[in-house]
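> This is the structure, below, for whatever I ask next.
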Amino acid sequence: MVALAGCDHGGKRRTEPPPPPPPKQSFVALDREQQRIVLDYEPVSAALTAYELDFRDWRLGRLSQADLLARAHAYRAVVLAARGRLRGDPATSETKRAKRLFVDGLRARAAALAALPDLGRYTPLWNRSVVNARAGLTIMQDVRDRARLIPLPEDAVS
């Protein structure tokens with residue numbers, strides 16, 4: 001029986017050096033990038049309270065289903081417009097992850113609003129939209145903390 005074994009006689013494998021890290025973004029550029037994302041998301045947060053009050057009133061029987069659906073349709077238009085703006089916003093590094101969560105959350109929110117009055121479909125989609133918004137905001141706040149930037153208002157993204 002003959003056994004063969006390869007050997008490089010103590011030589012090291014030659015590999016390509018790792019690529020250099022991307023240049024670090026300035027504090028001003030990072031703040032501008034994140035403020036733009038928040039500005040584009042803000043109409044969704046601003047319209048949320050009125051929608052939530054309408055939804056509560058519908059659940060309590062104080063608002064007709066037709067009225068709720070009309071208001072949900074109007075709020076969905078705000079959500080879709082914000083999603084379109086956000087998709088076009090440039091983002092780098094971890095802010096890119098946050099932006100992706102916001103866009104995915106807005107997609108889920110729009111789907112939830114379109115699912116009304118079917119609460120079985122609405123509820124998990126709505127909950128996903130809330131979780132994604134909070135997760136995206138947490139990522140951006142963490143980035144801002146490390147960069148020692150002023151925190152974003154907690155109600156900027158909801």
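> Just name the residue that is surrounded by the most Cβ atoms within 10 Å (Cβ to Cβ) out of those in region 75-93 that are under 16 Å from Trp126 (Cα atoms) and among the hydrophobic types (A, V, I, L, M, F, W, C).
Filtering region 75-93 for residues that are under 16 Å from Trp126 (Cα atoms) and among the hydrophobic types (A, V, I, L, M, F, W, C), the one surrounded by the most Cβ atoms within 10 Å (Cβ to Cβ) comes out as Val79.
> Further question: Would you mention how many residues in region 103-140 are surrounded by fewer than 17 Cβ atoms within 10 Å (Cβ to Cβ), not hydrophobic (A, V, I, L, M, F, W, C) and not in a loop (DSSP other than H, G, I, E, B)?
Residues meeting the conditions: 7.
> List the pairs whose first member sits in region 19-46 and is farther than 18 Å from Arg148 by Cα and among the polar types (S, T, N, Q), whose second member is part of a helix (DSSP H, G or I) and modelled with pLDDT under 95, and whose Cβ atoms are under 8 Å apart, counting only residues at least 6 apart or on separate chains?
Ser45/Asp155; Ser45/Ala156
> Separate question: Does Thr92 satisfy the condition of being more than 13 Å from Tyr75 (Cβ to Cβ), without any contact (Cβ under 8 Å) to a residue 24 or more places away in the chain and β-branched (Val, Ile, Thr)?
When the stated conditions are applied, Thr92 does not pass them.
> Here is a further query. Checking Thr95 against (1) more than 18 Å from Ala156 (Cβ to Cβ); (2) touching a Leu at 6+ places or on another chain (Cβ under 8 Å), which test does it fail?
Single failed check for Thr95: (1).
> OK, next. Is it true that Thr95 is of a type outside the set (Lys, Arg), in contact with an Asp or Glu (Cβ under 7 Å, 6 or more places away or on another chain) and assigned to a helix (DSSP H, G or I)?
Numbers: of a type outside the set (Lys, Arg): yes; in contact with an Asp or Glu (Cβ under 7 Å, 6 or more places away or on another chain): yes; assigned to a helix (DSSP H, G or I): yes.
Yes, satisfied.
The values are calculated or read from the model by the stated rules, or taken from the named source; none is laboratory data. Quick caveat: nothing in here was measured; it's all calculated off a predicted structure. Ideal geometry is used to build each Cβ from the backbone, glycine not excepted, and the neighbour counts take in all protein chains shown.
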